[in-house]
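These notes concern the structure reproduced below.
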Amino acid sequence: VFDVDGTLIDTLQPMRQALNEILTRSGRRTWTEQAVRDQLSLGLDGLLALALRADGHAPSDAAEHADRAALLTRYSELAPMHAVGYPGAEALLRNARREGCRLAVCSNADALVLQRLFNALGWLDLFEVTVCAGNALALKPSGLPLQQVLAMLNASPDEAWLIGDSALDAACAEAVGCGFVWFSGGYGSARPPTAMAQIDALPDLPALLQPSTP
């Protein structure tokens, strides 16, 4: 079960551009690449809420709702054009499918954005199940979206791993009792203490899937 942003796909640049367009329009300071990277695991809603309050002045509910709609629209346009799969991501997914692995997504991203990203990358056929903003009972760090994934796959937590890059992913896996593999090449700054393993590049993942030799 894969997280997407910061795990399979690098969406930092289109998210930063879309966010800064919204901030500029409302007269707020734009965010640096590092600032967006540090908070990207919060997802679109969390990132926007933080950015709109960075100057100490909270927007009205109506203004925030309008900014959220504008950000989602702009990001959904930019992401398919500028987001890129991490090195080895597509080969990893296609090889895993050929070898009989069942692949799923557990993401806080918007469903429309994911559909457009997967369509642009040619990945629409790779995942049996996608749980994300739009169909999730809750978002990570809650364990509920991962429980949804496992229920739809008819799988137990000890039959699955969640691969992600953030503390939110780790907390989600821990809440369900599912093993968590941390991808250090994403947006997280430190390995979560509950991670059962770490990979520094996606092609390193298959070695963890091999059964240990007695």
(message) Going residue by residue through segment 87-97, is there one that turns out to be more than 19 Å from Glu128 (Cα to Cα) and open to solvent by 60 Å² or more (accessible area, probe 1.4 Å)?
(response) yes
(request) Take Ser60 and decide whether it is under 26 Å from Gly188 (Cα atoms) and of a type outside the set (D, E, K, R). (result) no
(request) Just one of (1) in a helix (DSSP H, G or I); (2) touching an Asp or Glu at 6+ places or on another chain (Cβ under 9 Å); (3) exposed (fewer than 12 other Cβ atoms within 10 Å of the Cβ) trips up Ala58, so point out which. (result) (1)
(message) Of everything in segment 2-23, what is touching a residue at least 40 places away in the same chain (Cβ under 8 Å), more than 12 Å from the chain's Cα centre (by Cα) and open to solvent by less than 30 Å² (accessible area, probe 1.4 Å)? Give them in sequence order.
(response) Pro14, Met15, Ala18, Leu19, Ile22
(request) All but one of (1) open to solvent by 40 Å² or more (accessible area, probe 1.4 Å); (2) in contact (Cβ under 8 Å) with a residue 60 or more places away in the chain hold for Tyr75, so report the exception by its number. (result) (1)
(request) Kindly indicate whether any position in segment 24-39 is closer than 30 Å to Arg102 by Cβ, open to solvent by 30 Å² or more (accessible area, probe 1.4 Å) and touching a residue at least 12 places away in the same chain (Cβ under 8 Å). (result) no
(message) Looking only at residues that are at pLDDT 95 or above and among the aromatic types (Phe, Trp, Tyr) in segment 166-196, which one is farthest from the chain's Cα centre (by Cα)?
(response) Phe180
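Yes or no, residue by residue, for (1) modelled with pLDDT of 95 or more; (2) not hydroxyl-bearing (Ser, Thr, Tyr):
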| residue | (1), (2) |
| --- | --- |
| Ile199 | yes, yes |
| Leu202 | yes, yes |
| Gln210 | no, yes |
| Thr213 | no, no |
(request) Would you point out which residue out of Ala89, Ala62 is of a type outside the set (S, T, N, Q) and closer than 30 Å to Glu159 by Cβ? (result) Ala89
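The values are calculated or read from the model by the stated rules, or taken from the named source; none is laboratory data. Just so we're clear, the structure is a prediction, and the values are computed from it rather than from any experiment. Here Cβ is always computed from backbone atoms with ideal geometry, including for glycine, and neighbour counts include all displayed protein chains. When the accessible area is computed, the model is the full protein with side chains, heavy atoms only, and any ligands, DNA or RNA have been set aside. Shrake-Rupley method; radii C 1.70, N 1.55, O 1.52, S 1.80 Å.
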